[in-house]
Amino acid sequence: MPKVSRAVWYRFARDVRGNAAILFGLTIIPIILIVGVAVDYGRAVTVRSAMSDAADAAALAIGSWTNLTETELEKKAQQFYQANYASSLSSDITSDFKVNFAGDDIVVTATASVPTTFLRLANLNSLDIGTTNTITTRQRNIELALVLDTTGSMAQSGKMSALKAAAKAMVDDLFGKQSISDTLDVAVVPFAAAVNVGAGMKDASWMDKDAKSAVASEDFEGSANPFDFFKKLKGARSSWDWQGCVRERVGAEYELTDAVPTTSVSNSLFAPYLAPDEPDGDHDDDYSYNNSYIDDGDCGENRKRNRTPQVCQKYTGKYSNPSRTNSGSGPNSNCPPRPISALSNSKTTVTNAIDALEPNGSTVIPAGLLWGWRVLSPEAPFTEAEAYDEKERVKAIVLLTDGQNDIGAPRNNHNRSYYNAFGFAASGHLGSTNGYYAENELNTKTATVCSNIKAKGILIYTIGFRINDSTTQNLLKNCASKPDMYYNSPSNAQLAAVFSDIAQGLSELRIAQ
């Protein structure tokens, strides 16, 4: 073997050609492993996220289903999980989903084995991942107020029938197989131009029995008491007795609030609703009046020379011995014929109240919302509700209306509107007394009431039923607690699905997670 000279060895030691290739060869394998690990683990994380979301959704869903056996619940959970997760997986991923029941708790466990690609170089052929979620089926109490539009337009095109069917189906869903619930109370609040609290409330401590409030006698001369007039009107026609509607209060502290009425503060009380007898139409200033139901006579002997519509409408002498006329709907004009059905845990009571709804009158949305709020308030006028701050309780309102705020303003007479819970537009409780901006003012009041209700922690669902008016649609959308809690139902058929979706949402809220 020939000898290598020292000079050759020296040149070889100093030769750096090919070093980069050698270094690259030495480092490429770790780099590939690092990138490969990131790819394999990234895939595992993605799979786990999808699996966790599906397992959470399945657990929440079965927690809201009632009256099913554990076997039925597990089967539904498996179906829910597979539909929401497995269909998106590669065929090489194996997974398992289990449901266990432990008292009030439902424990769902999902596991999967994700094959690796690069980690096989490190002899790791798969990554095992899993997620566990526990849902308790212990139910929170729900207090729900159904605030339902019963105005005259609801009589058209089968809308009232669709409302009744959809609302009763929702009640059936919420009560399930129970006729009496330990965790659910529902109130029904019909509204039109006012709200009917029930004729049986006449002697309630919160009623303005002695006409002390500012609005009680504003439509009559002197210190008139509407209840005194009702006694005399009843003698002329039995249906002219007080049906139970009330005026809305005045004053910042009371008008758009659930402030507790007290006998020591007159304006906190609720005055009875009495739509005044409007002029007969035979005066010098002959305008159109739609609710002249008794004869004005001479409007008083000393008024013969001043028989203006304003004077004759306020004249109280005509109520002393009222003589009926054939026109006008009477002192309860625009008052819903059906009263509030207070919070009840009886399915029959609630469904009967829905069945009894009758369409009549014009639309004053804030009045309906206010009384929906008041039936959920723990203090008078209605006292069936529990405290606002109970953690184990959900309070919610479902508001349905088929139209915009509408009181017939401006009218071609001195009242400037139909009578409603806020009186005539000419009285000034609806902005300008000329009536032109009354409906805008009602929209403003609606928005204010919505904000006040939500500030109390009450959830609001809103339904625009076959409404094409964009202003009202936006009003309802903004009133809802969340954007997805506003529903637009352009047809009768779709209304059932809307109520069903709300029922599902409420059922999920019932679960104490």
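No value in this document is a laboratory result; all are computed from the given coordinates. All figures in this text were calculated on a predicted structure; none of them were measured in a lab. A quick note on method: Cβ atoms are made from the backbone with ideal geometry, for glycine too, and the neighbour counts reach across all protein chains shown.
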The set of residues whose placed amide H lies less than 5 Å from the amide H of Ile397, leaving out same-chain residues fewer than 5 positions away, is Ala145, Leu459, Ile460, Tyr461
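Among 407-418, 109-120, what's the highest-first ranking by average C-beta atoms within 10 angstrom per residue?
Going from most to least packed, we get 407-418, 109-120.
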Give the long-range amide H neighbours of Ile106: residues separated by 5 or more places, or on another chain, with amide H under 5 Å away, using H modelled in the peptide plane at 1.01 Å from N.
Ile135, Thr136, Thr137
Could you tell me which Cys residues in the chain have no other cysteine's Cβ under 4.7 Å from their own Cβ, answering none if every one has a partner?
none
Pulled fully out, how much extra length does the chain show between Asp469 and Lys232, if you take 0.36 nm times their separation in residues and subtract their Cα-Cα distance?
81.1 nm
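Do the sum for the chain: with -39,500 (n - 2.57) for every DSSP H run of n ≥ 4, divided by all residues, what is the mean residue ellipticity at 222 nm, to the nearest 500 deg cm²/dmol? Each step should come with its number before you reach the end.
Values: 11 runs with 172 residues, N = 513.
Roughly -11000 deg cm²/dmol at 222 nm, from the helical runs in the chain.
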5 Å is the cut-off here: which amide hydrogens, built 1.01 Å from N in the peptide plane, fall below it relative to Tyr487, excluding neighbours closer than 5 in sequence?
Thr462, Ile463, Gly464
Of the cross-linked pairs Lys98/Lys177; Lys234/Lys395; Lys168/Lys234; Lys159/Lys477; Lys232/Lys454; Lys75/Lys168, which ones have a Cα-Cα span greater than 31 Å in the structure shown?
Lys234/Lys395; Lys168/Lys234; Lys232/Lys454
Cut-off is 10 Å between beta-carbons; in what order do Val398, Val311 appear when sorted fewest neighbours first?
Val311, Val398
Hey, what do the phi angles of region 351-362 turn into as Karplus ³J(HN,Hα) couplings, whole Hz, using 6.51/-1.76/1.60 and θ = phi - 60°, x for Gly and Pro?
5, 5, 5, 5, 4, 7, 4, 10, x, 5, x, 9
Efficiency of FRET between Val39 and Ser161 - r from beta-carbon atoms, R0 51 angstrom, step 0.05
0.30
The chain - charge dipole about Cα centre, Lys and Arg +1 at Cβ, Asp and Glu -1, debye rounded to 20:
2120 debye
For the Thr308, Ala199 Cβ pair and Förster radius 30 Å, calculated FRET efficiency rounded to 0.05 is 0.30
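To the nearest 0.05, what FRET efficiency results for Ser288 and Leu68 with a Förster distance of 60 Å applied to their C-beta separation? All intermediate terms of the calculation are to be shown ahead of the outcome.
Details: r = 61 Å, r/R0 = 1.01.
Using R0 = 60 Å, I get an efficiency of 0.50.
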In sequence order, what are the phi-derived ³J(HN,Hα) couplings for region 483-488 according to the Karplus relation 6.51 cos²θ - 1.76 cosθ + 1.60 with θ = phi - 60°, rounded to whole Hz, with x for glycine and proline?
x, 7, 9, 9, 10, 10
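Using Cβ counts within 10 Å as a stand-in for footprinting exposure, how do Leu430, Leu459 rank, fewest first? If you can, show how the numbers build up before the last one.
On the way: Leu430 27, Leu459 20.
So the ranking, lowest neighbour count to highest, is Leu459, Leu430.
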Any idea which of Pro272, Val311, Asn434 is furthest toward the positive side of the dipole for the chain, if Lys and Arg beta-carbons carry +1 and Asp and Glu beta-carbons -1?
Asn434
Would you kindly state how much longer the chain becomes between Val107 and Ser327 on full extension, computed as 0.36 nm times their sequence separation minus their alpha carbon distance, in nm to one decimal?
72.4 nm
The chain: spread of alpha-carbon positions along the three principal axes, whole Å, largest first, is 151, 55, 46
In whole Hz, the Karplus estimates of ³J(HN,Hα) for region 42-54 (6.51, -1.76, 1.60; θ = phi - 60°; x where Gly or Pro) are x, 5, 5, 5, 4, 5, 5, 4, 5, 5, 5, 4, 5
Rounded to the nearest 5, the percent of antiparallel DSSP beta bridges in the chain equals 50 percent
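D for region 393-479, whole µm²/s, Stokes-Einstein with Kirkwood Rh over alpha-carbon pairs at 4 °C and 1.567 mPa s: what number? Intermediate values should be presented prior to the final figure.
Values: Rh = 13.9 Å.
This corresponds to a translational diffusion coefficient of 93 µm²/s.
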